[in-house]
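The values are calculated or read from the model by the stated rules, or taken from the named source; none is laboratory data. Since the model is a prediction, treat every value here as computed from it, not as a measurement. Because the Cβ atoms are built from the backbone with ideal geometry, glycine has one as well, and the counts that use them run over all protein chains shown.
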Amino acid sequence: MIVYNLTCAKKHTFEGWFASGEAFDRQSDQGQVTCPVCGDHHVTRAPSSPHLRRASAQAPRSEVGQDGDLERLLEGLRQVMEDSEDVGEAFAQEARRIHYMEAPLRSIRGVATLGDTAELLEEGIPVLPLSVPLKKDLH
(Lines give C-alpha, C1' and ligand atoms only; values in the text may rest on other atoms or scores of the structure.)
Protein backbone atom coordinates (compact mmCIF):
# COMPACT_ATOMS: atom_id res chain seq x y z
CA MET A 1 0.00 0.00 0.00
CA ILE A 2 1.35 3.42 -0.98
CA VAL A 3 0.05 6.72 0.40
CA TYR A 4 0.51 9.71 -1.90
CA ASN A 5 0.04 13.39 -1.12
CA LEU A 6 -2.15 14.71 -3.94
CA THR A 7 -3.11 18.17 -5.24
CA CYS A 8 -5.85 19.20 -7.65
CA ALA A 9 -5.68 22.06 -10.17
CA LYS A 10 -7.38 24.33 -7.59
CA LYS A 11 -4.57 23.57 -5.09
CA HIS A 12 -6.67 21.46 -2.71
CA THR A 13 -4.40 18.95 -1.02
CA PHE A 14 -5.40 15.48 0.16
CA GLU A 15 -3.95 12.01 0.39
CA GLY A 16 -4.77 8.87 -1.55
CA TRP A 17 -3.95 5.24 -0.84
CA PHE A 18 -3.00 3.02 -3.77
CA ALA A 19 -1.91 -0.57 -4.19
CA SER A 20 1.13 0.60 -6.19
CA GLY A 21 2.52 3.51 -8.19
CA GLU A 22 1.17 1.84 -11.32
CA ALA A 23 -2.30 1.65 -9.75
CA PHE A 24 -2.21 5.42 -9.12
CA ASP A 25 -1.08 6.09 -12.70
CA ARG A 26 -3.78 3.83 -14.16
CA GLN A 27 -6.57 5.27 -12.00
CA SER A 28 -5.40 8.82 -12.69
CA ASP A 29 -5.26 8.21 -16.46
CA GLN A 30 -8.81 6.83 -16.34
CA GLY A 31 -10.07 9.88 -14.41
CA GLN A 32 -10.84 7.81 -11.32
CA VAL A 33 -8.77 9.98 -8.96
CA THR A 34 -10.74 13.06 -7.98
CA CYS A 35 -10.38 15.85 -5.47
CA PRO A 36 -12.70 15.20 -2.49
CA VAL A 37 -13.23 18.96 -2.08
CA CYS A 38 -14.16 20.07 -5.61
CA GLY A 39 -14.33 16.85 -7.67
CA ASP A 40 -11.55 17.95 -10.04
CA HIS A 41 -10.04 15.07 -12.08
CA HIS A 42 -6.78 16.94 -12.77
CA VAL A 43 -4.92 15.49 -9.77
CA THR A 44 -1.15 15.31 -9.45
CA ARG A 45 1.18 13.85 -6.87
CA ALA A 46 2.55 16.47 -4.51
CA PRO A 47 6.16 16.27 -3.37
CA SER A 48 6.58 14.22 -0.24
CA SER A 49 9.46 12.82 1.70
CA PRO A 50 9.88 9.12 2.33
CA HIS A 51 9.36 7.82 5.84
CA LEU A 52 12.36 5.68 6.58
CA ARG A 53 13.50 4.48 9.95
CA ARG A 54 17.16 3.75 10.30
CA ALA A 55 18.78 2.11 13.26
CA SER A 56 21.33 4.19 15.08
CA ALA A 57 24.91 3.07 14.52
CA GLN A 58 25.38 2.97 18.31
CA ALA A 59 22.24 0.99 19.08
CA PRO A 60 22.71 -2.75 19.38
CA ARG A 61 20.46 -4.69 17.01
CA SER A 62 18.50 -6.20 19.90
CA GLU A 63 17.29 -2.73 20.96
CA VAL A 64 15.91 -1.72 17.56
CA GLY A 65 12.18 -2.28 17.07
CA GLN A 66 11.20 -2.38 20.73
CA ASP A 67 8.79 -0.23 22.79
CA GLY A 68 9.10 2.99 20.77
CA ASP A 69 8.07 1.25 17.56
CA LEU A 70 5.03 -0.30 19.20
CA GLU A 71 3.96 3.06 20.62
CA ARG A 72 4.28 4.71 17.19
CA LEU A 73 2.30 1.87 15.59
CA LEU A 74 -0.50 2.21 18.15
CA GLU A 75 -0.56 6.00 17.72
CA GLY A 76 -0.76 5.54 13.95
CA LEU A 77 -3.69 3.14 14.35
CA ARG A 78 -5.45 5.59 16.67
CA GLN A 79 -4.98 8.33 14.06
CA VAL A 80 -6.40 6.13 11.29
CA MET A 81 -9.40 5.35 13.48
CA GLU A 82 -10.00 9.06 14.20
CA ASP A 83 -9.58 10.11 10.55
CA SER A 84 -11.86 7.50 9.01
CA GLU A 85 -15.60 6.93 8.91
CA ASP A 86 -16.87 3.73 10.54
CA VAL A 87 -19.24 2.06 8.07
CA GLY A 88 -19.49 -1.13 10.13
CA GLU A 89 -20.75 -4.25 8.39
CA ALA A 90 -21.28 -2.28 5.14
CA PHE A 91 -17.53 -1.96 4.59
CA ALA A 92 -17.27 -4.08 1.42
CA GLN A 93 -20.27 -2.43 -0.21
CA GLU A 94 -19.12 1.10 0.68
CA ALA A 95 -15.53 0.40 -0.48
CA ARG A 96 -16.94 -0.68 -3.86
CA ARG A 97 -19.17 2.42 -4.09
CA ILE A 98 -16.17 4.67 -3.39
CA HIS A 99 -13.95 2.77 -5.83
CA TYR A 100 -16.52 3.00 -8.62
CA MET A 101 -17.19 6.70 -7.80
CA GLU A 102 -20.77 6.08 -6.67
CA ALA A 103 -19.98 7.63 -3.27
CA PRO A 104 -17.68 10.48 -2.16
CA LEU A 105 -13.97 9.65 -1.83
CA ARG A 106 -13.09 9.33 1.86
CA SER A 107 -11.30 7.07 4.32
CA ILE A 108 -13.51 4.36 5.74
CA ARG A 109 -13.16 1.49 8.18
CA GLY A 110 -15.44 -1.32 9.12
CA VAL A 111 -15.92 -5.05 9.25
CA ALA A 112 -15.45 -7.45 6.33
CA THR A 113 -15.19 -11.19 6.05
CA LEU A 114 -12.03 -12.80 4.73
CA GLY A 115 -13.97 -13.65 1.55
CA ASP A 116 -15.16 -10.05 1.10
CA THR A 117 -11.62 -8.78 1.60
CA ALA A 118 -10.24 -11.21 -1.00
CA GLU A 119 -12.92 -10.15 -3.51
CA LEU A 120 -12.15 -6.45 -2.98
CA LEU A 121 -8.46 -7.06 -3.56
CA GLU A 122 -9.20 -9.13 -6.70
CA GLU A 123 -11.26 -6.21 -8.03
CA GLY A 124 -8.28 -3.91 -7.53
CA ILE A 125 -9.85 -2.12 -4.57
CA PRO A 126 -7.07 -1.37 -2.07
CA VAL A 127 -7.91 -2.44 1.47
CA LEU A 128 -5.72 -2.95 4.50
CA PRO A 129 -7.02 -5.76 6.70
CA LEU A 130 -6.31 -5.10 10.37
CA SER A 131 -7.46 -6.98 13.40
CA VAL A 132 -8.23 -4.15 15.79
CA PRO A 133 -10.19 -4.77 18.99
CA LEU A 134 -13.38 -2.81 19.49
CA LYS A 135 -13.20 -0.06 22.11
CA LYS A 136 -15.41 -2.06 24.46
CA ASP A 137 -12.79 -4.85 24.35
CA LEU A 138 -9.97 -2.55 25.45
CA HIS A 139 -9.07 -2.20 29.13
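Only a single item in (1) under 21 Å from E22 (Cα atoms); (2) modelled with pLDDT under 70 is not met by R53, and it is number (1). Identify all residues within the range 90-105 that are under 18 Å from L130 (Cβ atoms) and not hydrophobic (A, V, I, L, M, F, W, C); write none if there are none. If the condition is that a residue be under 18 Å from L130 (Cβ atoms) and not hydrophobic (A, V, I, L, M, F, W, C), then E94 is the only one that fits. Among the residues of the range 65-87, is there at least one that is touching a helix residue (DSSP H, G or I) at 6+ places or on another chain (Cβ under 8 Å), under 17 Å from P129 (Cα atoms) and either at pLDDT 85 or above or not in a loop (DSSP other than H, G, I, E, B) (or both)? Scanning the range 65-87, I find at least one residue that is touching a helix residue (DSSP H, G or I) at 6+ places or on another chain (Cβ under 8 Å), under 17 Å from P129 (Cα atoms) and either at pLDDT 85 or above or not in a loop (DSSP other than H, G, I, E, B) (or both), so the answer is yes. When G31 is tested against (1) more than 21 Å from V127 (Cβ to Cβ); (2) surrounded by 15 or more Cβ atoms within 10 Å (Cβ to Cβ), only condition (2) is not met.
May I ask you to list the residues in the range 16-28 that are of a type outside the set (F, W, Y) and surrounded by 13 or more Cβ atoms within 10 Å (Cβ to Cβ)?
If the condition is that a residue be of a type outside the set (F, W, Y) and surrounded by 13 or more Cβ atoms within 10 Å (Cβ to Cβ), then G16, A19, A23, D25, R26, Q27, S28 are the ones that fit.
Restricting attention to the range 1-35, the residues being more than 24 Å from T117 (Cβ to Cβ), assigned to a loop (DSSP other than H, G, I, E, B) and under 16 Å from the mean Cα position of the chain (by Cα) number 2.
For residues that are out of contact with any strand residue (DSSP E or B) (no Cβ under 7 Å at 6 or more places or on another chain) and among the hydrophobic types (A, V, I, L, M, F, W, C), scanning just the range 18-36, find the one that is modelled with the lowest pLDDT. The extreme case among them is A19.
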